Amino acid sequence: MYGLDGTCRTLCLDLDVTDGDMAATAAEAASLERWLVECGARVVTDVGPTGGRHVYVPLADRIPFDVARELVEALALLFPSLDPSPHRSVRSGCIRTPGALHKNWGHQQLTMSLSAAYDVLRRPNGADVVESMRVRLRPQIAAWRARATPPRGRLELAGGVDIDEHSPAQPAGQAGDVRGPVLRIAREGIYDVARYPTPSEARAAVMAAAARAGWRLADVAARIEDGRWAGLAALYAHHSPGSQRHRITRDWAAAAALVARTEKTNPQVRRHIQSENDTVRRSNTSARESQGGATPPPASDPTLGDEHGFIRTWRAALRTTEQHRFPGRAGYAVRFVLRALGGFAHSTGSRYVAVGTRSLAIATGVEHSTVSLALRAAAAAGWCDRLEAAHGEHADLYALTIPTDLADRADELRWDTGKLHGLRPAFRALGHVAALVFEALETGRAGSVLEAARTTGISRSAVHEAVDALAAWGLVSRDAAGDLVAHSDRLLAAAEQLGALDVVAAQIRTYARHRIAWRAYLQRHDPEAQPGDVDHSPDPDDLAWLDTAGWWLPPDAAAGPHWTVADVIGRTG
């Protein structure tokens, strides 16, 4: 319904059938069409297999989200069968167009000739039609505004901006994320008018939340420009592009100043965050601690030789044989778990990796039980060897190994360039096939659909579909020579647009709870514990904090083009 800029090009009026009375819906659709014609509008109409009707009002000039929604909400007060919900969300509002398959059976069918519909679309309605509708709907607009704006009875901060005093503040230098109702405003443009009576206050709430999370103005501007925050873009759509930039900058400065004045730190949260930082946060150039596992041999051990060289040889051997040894969809889990295991090995500089199934699950987008099965299959096939079983807080210790039938010729294989990734967040939504095709393009092993099909062993038609999906999200394009080029730097933005980061965050919070409960269990059953020892049972406030703190999400600038979930796990523990 809305573009990436949060504006609308067509009013789509959806009339539903009530109590199976298709004739009543048809009559009301005809009445709505006459009303629109009286306003000077030219419309396109269709009908669905179940009798529902659509009336489309194409517009010559795009209109902002709040104007479009206000018009449709007002029309719904005049025509009870009209469902305004498609226009209520910048992010998810959609409608089935003429010719589209219906979810049950049949298609949407035009109730007018194709040539007449085409003529309406070629000559859309001007701004005078929109203004005429607003004038005629003035009483209904006022009624809807009154109904949607209950009396205000909350404590207001300076400028009317509402900031939750109980939400944890991010320590300086640590970027968090924006979530909850404020994230919905940013993405969809939907806000509670009891809290934010005007669009400017809703905008200020988003800006204040981003400033409170430690973001920069550039992070917010990037999300407005690329459509991830189409809802926030819609709240600025009333203004010209030059005025928008000025207002965004002004709103950000006001929000940053407001947060600086009103920020109140929760001591318990600060203590928890500091504890996490002290134990697991490392710079990108530092060796990362093993993920709760047994102590592997030091990477500096001269008997190990070139560890990174061995890992790259292991990668090359896996890449050249995996499609035959782990074929089809059933083998995808094993292939990506091995990629994640190799990624952890690269990050620690050793073929010996102690990493838990939950960490691997986050890196591969599956459940930890699936990871366990995949590791068993990988070990049985000779790609890894479990040297030590998990005990206490320590995970299994694995060694990367090359199957014996490949060991003699593995050194002759060409190494792959770049990092080794598990299943990056965007591909949780786009799928394993898209991930493998993207990997082939990213590493230079393919530059066309045909080469990608040959390299990955995936059917040409499936590769075509994957390339189309990747191109639709801006992850693949063609260069001047016509070759396919992968854009790794756009993966994080695509993941956020697809909602994949929310899924990753939820999985991290779930596993963090598991770890807290497990550590508490170990503490209660510690044979060396004394009666006077401190109780380390899970703190309810800590568990609640997991739901509100979004500290794992890296901002775009810091993430760089090769950010991977394994890096996140290294920071969060």
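The values are calculated or read from the model by the stated rules, or taken from the named source; none is laboratory data. As the structure is a computational prediction, the values presented were derived from the model and not from experiment. All Cβ positions, even for glycine, are placed from backbone atoms using ideal geometry, and neighbour counts span all protein chains on display. For the accessible areas, the whole protein counts, side chains as well, though only heavy atoms, and no ligand, DNA or RNA atoms are used. Shrake-Rupley method; radii C 1.70, N 1.55, O 1.52, S 1.80 Å.
Can you give me the relative contact order of the range 1-125 as a percent, contacts being Cα pairs under 8 Å and 6 or more apart?
That works out to 33 percent.
So if I average 1/r over every pair of distinct C-alpha atoms in the range 359-401 and take the inverse, what Kirkwood radius in Å does that give?
Details: mean 1/r = 0.0915 Å⁻¹.
One decimal place: 10.9 Å for the Kirkwood radius.
Using 1/(1 + (r/R0)^6) with R0 = 25 angstrom and r between the beta carbons of GLN323 and ALA472, what's the FRET efficiency to the nearest 0.05?
With R0 = 25 Å, the Cβ-Cβ based efficiency is 0.45.
What distance in nm separates the simple spin-label points at ASP489 and GLU225, each placed 7 Å from Cα in the Cβ direction?
1.1
How large is the Rg to Rh ratio of the range 364-473 when both quantities use alpha carbon positions and Rh follows Kirkwood? It would help to have the intermediate numbers written out before the result.
Values: Rg = 16.9 Å, Rh = 16.4 Å.
That ratio equals 1.03.
Full extension from ARG515 to PHE79: what is 0.36 nm times the residue separation minus their Cα-Cα distance, to one decimal in nm?
151.5 nm
What are the extents of the Cα atoms of the range 10-113 along their three principal axes, in Å, largest first?
Projected onto its principal axes, the Cα set of the range 10-113 covers 34, 30, 29 Å.
When you count, for each residue, the other Cβ atoms within 10 Å and take the mean per peptide, how do 65-78, 6-19 rank with the highest first?
Peptide ranking by packing, descending: 65-78, 6-19.
Could I have the simple spin-label model distance between GLU412 and ARG454, label points 7 Å from Cα toward Cβ, reported in nm to one decimal?
Taking the simple label geometry, GLU412 and ARG454 are separated by 2.0 nm.
Can you tell me the order of 248-260, 489-501 when each peptide is scored by its average per-residue count of other Cβ atoms within 10 angstrom, highest first?
Listed from highest to lowest mean packing, they are 489-501, 248-260.
Would you work out what percent of the accessible area of the range 48-147, with all protein chains in place, is carbon or sulfur (probe 1.4 Å)?
Here carbon and sulfur together make up 53 percent of the probe-accessible area.
Counting only protein heavy atoms and using a 1.4 Å probe, what share of the accessible area of the range 363-515 belongs to carbon plus sulfur, as a whole percent?
51
On full extension of the chain, what length is gained from LEU121 through ARG386, given 0.36 nm per residue of separation minus the C-alpha to C-alpha distance?
89.0 nm
Given 0.36 nm per residue, what is the gain on full extension from ARG134 to GLU465 after removing their alpha carbon distance, in nm?
114.8 nm
Can you list residues whose amide H is under 5 Å from HIS107's amide H, if they're 5+ apart or on another chain and H is modeled 1.01 Å from N?
Amide H to amide H, under 5 Å and 5 or more residues apart or across chains, HIS107 pairs with HIS102.
Where the centroid of each part is defined by its Cα atoms, how far is the range 415-444 from the range 49-112 in Å?
So the two Cα centres are separated by 38 Å.
Calculate, for the range 361-497, the solvent-accessible area per residue in square angstrom, rolling a 1.4 angstrom probe over the heavy atoms of the protein chains.
So the range 361-497 comes to 46 Å² accessible per residue, rounded to a whole number.
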